[in-house]
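Structure record follows, encoded as C-alpha coordinates.
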Amino acid sequence: MAAAIEEALKAEAIGEVPIGAVIVRNGEIIGRGYNLRETDLDSTAHAEMIAIREASRNIEAWRLLDCTLYVTLEPCPMCAGAIVQSRVKRVVYGTHDPKAGCAGTLMNLLQEPRFNHEAELTSGVMQEECASLLTTFFRRLRRKKE
(Lines give C-alpha, C1' and ligand atoms only; values in the text may rest on other atoms or scores of the structure.)
Protein backbone atom coordinates (compact mmCIF):
# COMPACT_ATOMS: atom_id res chain seq x y z
CA MET A 1 0.00 0.00 0.00
CA ALA A 2 2.94 2.31 0.61
CA ALA A 3 3.73 2.20 -3.12
CA ALA A 4 0.11 3.09 -3.96
CA ILE A 5 0.35 6.05 -1.58
CA GLU A 6 3.51 7.16 -3.42
CA GLU A 7 1.49 7.12 -6.64
CA ALA A 8 -1.29 9.14 -4.97
CA LEU A 9 1.27 11.76 -3.97
CA LYS A 10 2.26 12.11 -7.65
CA ALA A 11 -1.36 12.93 -8.46
CA GLU A 12 -1.54 15.46 -5.63
CA ALA A 13 1.66 17.15 -6.83
CA ILE A 14 -0.03 18.03 -10.13
CA GLY A 15 -3.35 19.08 -8.59
CA GLU A 16 -5.20 15.81 -9.15
CA VAL A 17 -7.25 14.05 -6.49
CA PRO A 18 -4.62 11.94 -4.67
CA ILE A 19 -5.52 8.38 -5.56
CA GLY A 20 -2.85 5.84 -6.44
CA ALA A 21 -2.68 2.18 -7.42
CA VAL A 22 -0.10 -0.52 -8.05
CA ILE A 23 -0.43 -4.07 -9.36
CA VAL A 24 1.88 -6.72 -7.94
CA ARG A 25 2.72 -10.15 -9.33
CA ASN A 26 5.21 -12.50 -7.69
CA GLY A 27 6.34 -9.73 -5.34
CA GLU A 28 7.11 -7.29 -8.18
CA ILE A 29 5.21 -4.16 -9.16
CA ILE A 30 4.15 -4.62 -12.78
CA GLY A 31 1.75 -1.69 -13.06
CA ARG A 32 1.48 1.76 -11.50
CA GLY A 33 -1.10 4.46 -11.84
CA TYR A 34 -2.41 7.64 -10.31
CA ASN A 35 -5.44 9.77 -10.98
CA LEU A 36 -5.12 11.82 -14.20
CA ARG A 37 -8.74 12.75 -14.94
CA GLU A 38 -8.22 16.51 -14.92
CA THR A 39 -4.81 16.41 -16.60
CA ASP A 40 -5.89 14.12 -19.44
CA LEU A 41 -9.50 15.38 -19.57
CA ASP A 42 -10.47 11.72 -19.47
CA SER A 43 -13.11 10.32 -17.14
CA THR A 44 -11.52 6.87 -17.43
CA ALA A 45 -8.07 8.03 -16.27
CA HIS A 46 -8.44 6.57 -12.77
CA ALA A 47 -5.43 5.14 -10.94
CA GLU A 48 -6.68 1.56 -11.26
CA MET A 49 -7.36 1.84 -14.99
CA ILE A 50 -3.89 3.22 -15.67
CA ALA A 51 -2.25 0.53 -13.52
CA ILE A 52 -4.25 -2.23 -15.26
CA ARG A 53 -3.21 -0.96 -18.70
CA GLU A 54 0.46 -0.77 -17.70
CA ALA A 55 0.44 -4.20 -16.05
CA SER A 56 -1.18 -5.78 -19.11
CA ARG A 57 1.41 -4.20 -21.41
CA ASN A 58 4.25 -5.35 -19.14
CA ILE A 59 3.16 -8.98 -19.05
CA GLU A 60 1.73 -8.91 -22.57
CA ALA A 61 -1.62 -10.31 -21.47
CA TRP A 62 -5.01 -8.89 -20.61
CA ARG A 63 -5.58 -11.47 -17.91
CA LEU A 64 -3.93 -10.34 -14.69
CA LEU A 65 -4.15 -13.74 -13.03
CA ASP A 66 -2.24 -14.13 -9.78
CA CYS A 67 -1.99 -10.36 -9.42
CA THR A 68 -2.91 -8.13 -6.50
CA LEU A 69 -4.09 -4.57 -7.03
CA TYR A 70 -3.41 -2.13 -4.19
CA VAL A 71 -5.36 1.13 -4.34
CA THR A 72 -5.70 3.96 -1.85
CA LEU A 73 -9.46 4.42 -2.38
CA GLU A 74 -12.18 1.81 -2.81
CA PRO A 75 -12.78 1.18 -6.53
CA CYS A 76 -15.69 2.88 -8.30
CA PRO A 77 -18.10 0.94 -10.57
CA MET A 78 -15.96 1.48 -13.67
CA CYS A 79 -12.76 0.36 -11.99
CA ALA A 80 -14.46 -2.57 -10.27
CA GLY A 81 -15.72 -3.67 -13.69
CA ALA A 82 -12.23 -3.40 -15.18
CA ILE A 83 -10.80 -5.38 -12.27
CA VAL A 84 -13.30 -8.19 -12.86
CA GLN A 85 -12.74 -8.09 -16.64
CA SER A 86 -8.95 -8.25 -16.23
CA ARG A 87 -9.24 -11.16 -13.79
CA VAL A 88 -7.23 -9.54 -10.98
CA LYS A 89 -7.01 -12.16 -8.25
CA ARG A 90 -7.01 -9.88 -5.22
CA VAL A 91 -7.82 -6.25 -4.42
CA VAL A 92 -6.51 -4.42 -1.37
CA TYR A 93 -7.76 -0.92 -0.72
CA GLY A 94 -7.10 1.73 1.88
CA THR A 95 -10.23 3.72 2.59
CA HIS A 96 -13.92 3.39 1.78
CA ASP A 97 -15.63 5.60 -0.79
CA PRO A 98 -19.11 6.51 0.49
CA LYS A 99 -20.06 8.14 -2.84
CA ALA A 100 -18.95 5.54 -5.39
CA GLY A 101 -17.45 2.53 -3.58
CA CYS A 102 -18.21 -0.73 -5.37
CA ALA A 103 -16.11 -3.08 -3.27
CA GLY A 104 -18.58 -3.27 -0.43
CA THR A 105 -19.69 0.25 0.49
CA LEU A 106 -22.52 0.89 -2.01
CA MET A 107 -22.37 -2.55 -3.59
CA ASN A 108 -19.76 -5.23 -4.16
CA LEU A 109 -19.10 -5.74 -7.85
CA LEU A 110 -15.80 -7.47 -7.13
CA GLN A 111 -17.53 -10.42 -5.51
CA GLU A 112 -20.74 -10.55 -7.51
CA PRO A 113 -21.40 -14.26 -8.05
CA ARG A 114 -23.26 -13.65 -11.33
CA PHE A 115 -20.02 -12.47 -12.98
CA ASN A 116 -17.51 -14.91 -14.41
CA HIS A 117 -14.79 -13.77 -11.97
CA GLU A 118 -14.67 -12.75 -8.33
CA ALA A 119 -11.69 -11.04 -6.68
CA GLU A 120 -10.49 -11.64 -3.16
CA LEU A 121 -10.92 -8.45 -1.16
CA THR A 122 -9.12 -6.78 1.75
CA SER A 123 -10.09 -3.30 2.97
CA GLY A 124 -8.80 -0.81 5.50
CA VAL A 125 -5.07 -1.29 4.83
CA MET A 126 -3.26 1.89 5.91
CA GLN A 127 -6.74 3.41 6.13
CA GLU A 128 -5.77 6.48 8.14
CA GLU A 129 -2.96 7.43 5.76
CA CYS A 130 -5.15 6.93 2.68
CA ALA A 131 -8.10 8.85 4.13
CA SER A 132 -5.84 11.66 5.32
CA LEU A 133 -4.51 12.21 1.78
CA LEU A 134 -8.02 12.84 0.52
CA THR A 135 -9.22 14.88 3.51
CA THR A 136 -6.18 17.17 3.37
CA PHE A 137 -6.48 17.61 -0.41
CA PHE A 138 -10.17 18.57 -0.32
CA ARG A 139 -9.69 20.88 2.69
CA ARG A 140 -6.96 22.72 0.78
CA LEU A 141 -9.18 22.90 -2.29
CA ARG A 142 -12.07 24.39 -0.32
CA ARG A 143 -9.76 27.02 1.23
CA LYS A 144 -8.60 28.11 -2.23
CA LYS A 145 -12.21 28.68 -3.28
CA GLU A 146 -12.97 30.90 -0.26
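What percent of all Cα-Cα pairs in the chain falls into each 10 Å bin, going from 0 up to the bin containing the maximum distance?
Over the chain, the share of Cα pairs per 10 Å bin runs 13, 45, 33, 7, 1 percent.
Have a look at Val71, Ile52, Ala100 and report the one farthest towards the positive end of the charge dipole of region 19-134, computed about the Cα centre with Cβ charges (Lys/Arg +1, Asp/Glu -1).
Ile52
How much accessible area per residue does region 1-122 have, counting only protein heavy atoms and a probe of 1.4 Å, in square angstrom? Write out the running numbers ahead of the final one.
Numbers: 5840 Å² over 122 residues.
Normalised by residue count, the accessible surface of region 1-122 is 48 Å².
Keeping all protein chains in the complex and leaving out DNA, RNA and ligands, what accessible area do you get for Asp42 with a 1.4 Å probe, in Å² to the nearest 10?
50 Å²
Which value, in debye to the nearest 20, describes the size of the charge dipole of the chain about its Cα centre when Lys and Arg Cβ atoms bear +1, Asp and Glu Cβ atoms bear -1, and nothing else is charged? Before the final figure, lay out the partial values.
Values: 18 positive and 20 negative charges, 56 e Å.
Around 260 debye, computed over the chain.
Round to a whole number: what % of the accessible area of region 1-133 belongs to carbon and sulfur, probe 1.4 Å?
Numbers: 3200 of 6470 Å².
Exposed carbon and sulfur together represent 49 percent of the surface.
Give, rounded to the nearest 20 debye, the magnitude of the charge dipole that region 1-60 has about its Cα centre when Lys and Arg contribute +1 at Cβ and Asp and Glu contribute -1 at Cβ.
Details: 6 positive and 11 negative charges, 32 e Å.
Its charge dipole is roughly 160 debye.
Can you classify region 40-120 as rounded, prolate or oblate using the Cα gyration tensor, where a ≥ b ≥ c are the square roots of its eigenvalues, rounded means a/c under 1.5, and otherwise it's prolate if a/b beats b/c and oblate if not? Show your work: numbers first, answer last.
Working: a/c = 1.72, a/b = 1.17, b/c = 1.47.
Oblate shape, in that a/c is at least 1.5 and b/c is the bigger or equal ratio.
Placing +1 on the Cβ of each Lys and Arg and -1 on the Cβ of each Asp and Glu in the chain, which of Ile83, Thr135, Gly27 has its Cα farthest towards the positive end of the resulting dipole?
It is Thr135, whose Cα lies furthest towards the positive end.
How long is the gain from Ile14 to Glu128 if the chain were fully straight, where each residue apart is worth 0.36 nm and the alpha carbon distance is subtracted? Please report the intermediate quantities before stating the final value.
Numbers: separation 114, 0.36 × 114 = 41.04 nm, distance 2.24 nm.
Gain on stretching Ile14 to Glu128: 38.8 nm.
The values are calculated or read from the model by the stated rules, or taken from the named source; none is laboratory data. This is a predicted model, so every value here is computed, not measured. Reconstructed Cβ throughout: ideal geometry from the backbone, glycine too, with neighbour counts over all protein chains shown. Areas reflect the complete protein model, heavy atoms only, side chains present, ligands, DNA and RNA absent. Shrake-Rupley method; radii C 1.70, N 1.55, O 1.52, S 1.80 Å.
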